[in-house]
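One structure below.
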Amino acid sequence: MTDQNRARNVQAQRRATTPAADFTIRFYQAGDEGLINAFYNDPSQRPGAGVCGVPARTNSEWIWEFASHNQDSGIPYSLAFDQERLVGIQGFLPIQLIHDGRVELSEKSEDTLVSPEYRGKGLLDQMYRMLFERALQRGVVVQWGFTSTAVKPLIRSGFKSLGKVDFYRLNLSARAVAASILRHTSPGLPRAEAFANAVLRFPQIIRSSGVSLIRRFFPRPMPPGMEVVELTKLDEVCDQFSARFSRAYPGISVHFSGSYLHWRCFKNPYFRYRVYAANHGGEMVGLAVFKIDDRSRMGIVSALAAIPTETQGASIVLNALLETGLRVFARHGCRSAVAWCFWSHAFSNLVRDSLKKVGFFNFAADTDFMVRAVTSNDPSYLNPNNWFICEIMSER
Ligand SMILES: CC(C)(COP(=O)(O)OP(=O)(O)OC[C@H]1O[C@@H](n2cnc3c(N)ncnc32)[C@H](O)[C@@H]1OP(=O)(O)O)[C@@H](O)C(=O)NCCC(=O)NCCS
């Protein structure tokens with residue numbers, strides 16, 4: 001954790017939240033999804049609701065995300081009421097992590113929302129407390145999430161910020177090049193500064209667009225003995241590969257089990273997903289998940305994992321997977337692609353190099369990765385360099 005980050009964690013803890021009196025906080029009960037969605041889809045409660053033509057979330061979408069993959073009895077989702085009125089929601093997705101080869105249960109924070117009139121009363125804190133107690137009983141090792149808007153309230157609830165995530169972008173069309181230049185004019189900045197930003201970024205954006213164009217039309221030849229194939233069935237082969245990946249690159253990552261990928265990719269009601277395996281000598285040596293957002297015509301590198309083959313390093317496998325991804329995105333009409341990367345995990349460094357090789361460039365983002373240890377006192381969870389997570393996994 002950097003000094004700057006440590007200071008943010010301490011500062012946010014200083015302000016104690018005003019206790020919320022007279023509110024009822026309870027867990028989700030069957031049938032609540034209609035009430036939750038009416039709250040979540042209301043632009044007066046959540047400013048992001050309805051923007052850019054994003055359709056309202058349906059009940060079956062909520063059930064897919066929060067209930068269908070949950071093997072446990074009960075769903076880690078809490079609701080806060082003032083009398084009969086719903087005024088706050090907070091959920092968690094149970095996600096298996098793989099930590100130095102061990103599979104562990106974690107929870108990812110989602111649906112963090114308190115009605116504007118009820119903010120600043122510590123309601124989020126109360127919902128989190130209830131969910132934390134539940135997680136403790138269930139043996140959840142760690143809770144985690146991403147946020148740009150709720151860093152301070154999350155720190156007050158016991159999370160730590162491990163720092164900001166690195167975003168990478170790649171342009172696949174002239175229109176995307178223009179959009180990325182305009183995006184770098186950063187709204188809110190003084191005009192002169194914004195213009196200077198755009199000029200400074202210009203060579204990098206043009207260079208990366210050129211690289212991606214060359215890679216798309218002149219891909220490097222596939223290394224001897226390697227093939228990249230689309231997976232149409234996600235089963236225990238994925239579990240075994242995920243375990244081998246974790247042994248090759250110790251640290252903490254999402255466990256890419258067949259059942260997790262099947263739920264997240266093949267059953268996903270929001271986006272189309274394509275899953276690819278790299279095989280070498282009959283053995284799986286790489287896995288890539290590419291997500292296609294037709295609405296914004298964007299491709300998302302959702303998951304990447306690769307291990308060295310008998311003769312070549314993991315970067316060769318990564319490059320082959322990413323070049324396949326470029327072709328998949330272009331075939332599906334994507335104008336741009338994005339990817340995420342974390343700090344200095346050994347595999348993140350390889351991913352970063354490979355992203356640059358196919359034309360991705362780094363751009364500023366303001367999203368913190370938040371972690372809270374639940375049952376474990378292991379300090380390794382609070383070291384950002386132990387984490388390798390490729391995707392943010394929020395569908396909206
Ligand atoms: C993030 C959020 C859930 C926090 O809930 P909360 O129960 O209000 O949390 P807290 O009581 O700890 O107060 C949070 C902050 O809101 C401030 N606040 C007080 N009244 C407020 C109001 N009417 N409107 C906005 N913020 C207010 C508090 O002073 C506090 O500020 P600080 O963090 O700078 O000290 C809530 O602000 C929210 O729903 N935001 C919009 C959705 C969002 O950003 N979700 C996170 C996505 S990852």
*Listed highest first by mean packing, meaning other Cβ atoms within 10 Å per residue, what order do 61-68, 80-87, 334-341 come in?*
334-341, 61-68, 80-87
*Express in nm, to one decimal, how much length is gained between V199 and N377 on full extension, taking 0.36 nm for each residue of separation and deducting their alpha carbon distance.*
59.3 nm
*Say a paramagnetic label sat at a point 7 Å from the Cα of S73, along Cα to Cβ; which residues of the range 128-164 have their backbone N under 18 Å from it?*
134-140
*Note the angle between two axes, namely the Cα long axis of helix 236-248 and the longest principal axis of the Cα atoms of the chain, as a number of degrees from 0 to 90, rounded to the nearest 10.*
80 degrees
*Structure shown: which of K108/K233; K160/K356; K121/K291 lie over 32 Å apart, alpha-carbon to alpha-carbon?*
K121/K291
*Pull out the extension gain between A174 and Q137, defined as 0.36 nm times the separation in residues minus the alpha carbon to alpha carbon distance; nm, one decimal.*
8.0 nm
*For the range 3-164, alpha-carbon Rg and Dmax in angstrom*: 16.1, 47
*Over the range 287-353, what is the relative contact order in whole percent, taking alpha-carbon pairs under 8 Å and six or more residues apart?*
34 percent
_Which one, V103, M130, S380, projects farthest toward the positive side of the charge dipole computed for the chain from Cβ point charges (K/R +1, D/E -1)?_
S380
_At R0 = 51 Å, how high is the FRET efficiency between N41 and T311 if r is their beta carbon distance? Nearest 0.05 is fine._
0.45
*State whether the range 239-355 is rounded, prolate or oblate according to the following rule on the C-alpha gyration tensor (a ≥ b ≥ c being the square roots of its eigenvalues): a/c under 1.5 gives rounded; otherwise a/b larger than b/c gives prolate, and the remaining case gives oblate.*
prolate
*What percent does the relative contact order of the range 297-396 come to when contacts are Cα pairs within less than 8 Å and at least six residues apart?*
37 percent
_What's the magnitude of the charge dipole for the range 3-164 around its Cα centre, counting Lys and Arg as +1 and Asp and Glu as -1 at the beta-carbon? Answer in Debye, nearest 20._
800 debye
*Environment charge of P94, counting only residues whose C-beta is closer than 9 Å and scoring Lys/Arg +1, Asp/Glu -1*: 0
_H69, H99 arranged by Cβ crowding within 10 Å, fewest neighbours leading_ = H69, H99
_Based only on other Cβ atoms within 10 Å, what is the fewest-to-most ordering of M298, M130?_
M130, M298
_Only bridges whose two residues both fall in the chain count here: according to DSSP, what percent of them are antiparallel, nearest 5?_
90 percent
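At a threshold of 8 angstrom on Cα-Cα distance, excluding pairs fewer than six apart, so keeping six or more, what relative contact order does the range 3-164 reach in percent?
27 percent
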*What percentage of all Cα-Cα pairs in the chain are separated by more than 28 Å?*
49 percent
_Classify the range 289-396 from the C-alpha gyration tensor, please: rounded if a/c falls under 1.5, else prolate or oblate depending on whether a/b exceeds b/c._
oblate
*Quick one: helix 346-357 against the long Cα principal axis of the chain, what's the angle to the nearest 10°, folded into 0 to 90?*
60 degrees
*Might you report the magnitude of the Cβ-based charge dipole of the chain about its Cα centre, with Lys and Arg at +1 and Asp and Glu at -1, to the nearest 20 debye?*
1360 debye
*Can you tell which of A196, H255, A56 lies farthest toward the positive end of the dipole of the chain, using +1 and -1 charges on the Cβ of basic and acidic side chains (Lys, Arg; Asp, Glu)?*
A196
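May I ask you to derive the FRET efficiency for F81 and N279 from their Cβ-Cβ distance with R0 = 41 Å, giving the value to the nearest 0.05?
Computed FRET efficiency for F81 and N279 comes out at 0.20.
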*Run the dipole for the range 69-223 about the Cα centre, Lys and Arg Cβ at +1, Asp and Glu Cβ at -1, nothing else charged, and hand back the magnitude in debye, nearest 20.*
900 debye
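Bear in mind these aren't lab numbers, they're just calculated from the coordinates by the rules spelled out. What you are looking at is a predicted structure, and each value in this text was computed from that prediction instead of being measured. So basically every Cβ, Gly included, is an ideal-geometry build from the backbone, and we count neighbours across all protein chains shown.
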